[in-house]
Amino acid sequence: MDDATADANEPLDDANASGLPHGATPPMPESPDDEPERETEVDDVTDSMRRPAGAGDDEFDAIVGEIDYSDVDVPALLAEREEYKGMAQRIQADFDNFRKRSAAQSLAEADRASGRLAEALLPVLDAAEAAFVRHPDEVGPLLNQMLVELKKHGLETLDLEDKPFDPEFAEAVAHEPGDGGEPIVSEVLRSGYTWKGRILRAAMVKTKD
């Protein structure tokens with residue numbers, strides 16, 4: 001028998017029978033113990049809850065059908081609902097009022113702070129006005145620019161000359177006789193100002209009647 005015939009009659013080893021190259025180690029068969037481990041214990045619970053679709057529906061419907069709704073006080077439930085609704089509306093209204101008050105208080109505080117700043121600038125305006133009387137050409141442009149900028153933020157100069165005297169806006173520090181009648185402002189000795197509609201400082205004036 002030649003070598004070719006001998007090789008053909010030799011039994012195939014396990015590697016050749018499985019189609020693996022000669023000398024290769026066949027893989028180990030999987031055992032039931034090699035199943036993937038559960039990630040969490042929740043899997044055990046959810047597995048136990050799985051059931052075919054529709055299973056238990058009849059029992060649930062039967063339980064719901066046995067409930068007696070005759071004892072339910074519908075008017076009481078509606079009244080309770082309205083009570084809670086009214087409570088929620090009152091809370092919402094209180095919150096809206098609080099928000100508006102807070103905004104108004106913040107705005108008023110900002111106005112007071114800016115008013116204090118404007119009041120602190122009044123001596124500067126007084127000095128500029130006094131300098132304007134002596135040097136109108138030199139001081140006039142600067143004084144006007146200051147008044148324009150302050151006016152943008154709420155400062156207004158009181159215009160009182162030749163108008164009826166009003167103690168709310170002016171303080172009479174001098175008086176001259178006139179033809180009789182209601183006193184009027186004959187001269188403004190020191191300017192008065194308002195800040196955002198409120199009196200910041202009353203003017204000093206001379207009156208006549």
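The values are calculated or read from the model by the stated rules, or taken from the named source; none is laboratory data. Computed from a prediction, not measured in an experiment: that's the story for all the values here. Ideal geometry is used to build each Cβ from the backbone, glycine not excepted, and the neighbour counts take in all protein chains shown.
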Restricting the search to region 58-91, which residues are of a type in the set (A, V, I, L, M) and either part of a helix (DSSP H, G or I) or touching a strand residue (DSSP E or B) at 6+ places or on another chain (Cβ under 7 Å) (or both)? ALA62, ILE63, VAL64, VAL74, ALA76, LEU77, LEU78, ALA79, MET87, ALA88, ILE91
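Could you grab me the full set of residues in region 131-141 that are surrounded by fewer than 12 Cβ atoms within 10 Å (Cβ to Cβ) and of a type in the set (A, V, I, L, M, F, W, C)? Show your work before the answer.
Going residue by residue through region 131-141, those that are surrounded by fewer than 12 Cβ atoms within 10 Å (Cβ to Cβ) are 133-138, 141.
VAL133 - this is the single residue of region 131-141 that is surrounded by fewer than 12 Cβ atoms within 10 Å (Cβ to Cβ) and of a type in the set (A, V, I, L, M, F, W, C).
Would you confirm, using the coordinates I've provided, whether ARG99 is among the basic types (Lys, Arg), at pLDDT 90 or above and on the phi < 0 side of the Ramachandran plot?
yes
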Residue satisfying all of: in region 192-209; under 29 Å from GLY154 (Cβ atoms) and over 46 Å from the mean Cα position of the chain (by Cα); surrounded by the most Cβ atoms within 10 Å (Cβ to Cβ) among these: VAL205
Filter region 149-206 for residues that are closer than 19 Å to LEU117 by Cα and of a type in the set (A, V, I, L, M, F, W, C) and give the result. LEU150, LEU155, LEU158, TRP195, ILE199, LEU200, ALA202, ALA203
Got a number for residues in region 182-191 being outside any loop (DSSP other than H, G, I, E, B) and surrounded by fewer than 16 Cβ atoms within 10 Å (Cβ to Cβ)? 2
Complete set of residues in region 113-141 that are under 42 Å from the mean Cα position of the chain (by Cα) and not acidic (Asp, Glu): ALA113, SER114, GLY115, ARG116, LEU117, ALA118, ALA120, LEU121, LEU122, PRO123, VAL124, LEU125
Check off (1) at negative phi; (2) touching a Gly at 6+ places or on another chain (Cβ under 6 Å) for LYS196 and give me the number that stays unchecked. (1)
Among what's in region 154-209 and is of a type in the set (Asp, Glu) and touching a Ser or Thr at 6+ places or on another chain (Cβ under 8 Å), pick the residue that is farthest from ALA128 (Cα to Cα). GLU176
With the checklist (1) over 30 Å from ARG198 (Cβ atoms); (2) hydroxyl-bearing (Ser, Thr, Tyr); (3) at pLDDT 55 or above; (4) in a helix (DSSP H, G or I) in hand, flag the one item SER114 doesn't pass. (1)
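Does ASP179 qualify as being assigned to a loop (DSSP other than H, G, I, E, B), over 47 Å from the mean Cα position of the chain (by Cα) and on the phi > 0 side of the Ramachandran plot?
In short, no.
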Please work out which one of (1) in contact with a strand residue (DSSP E or B) (Cβ under 6 Å, 6 or more places away or on another chain); (2) part of a strand (DSSP E or B) is the condition GLU161 fails and give its number. (2)
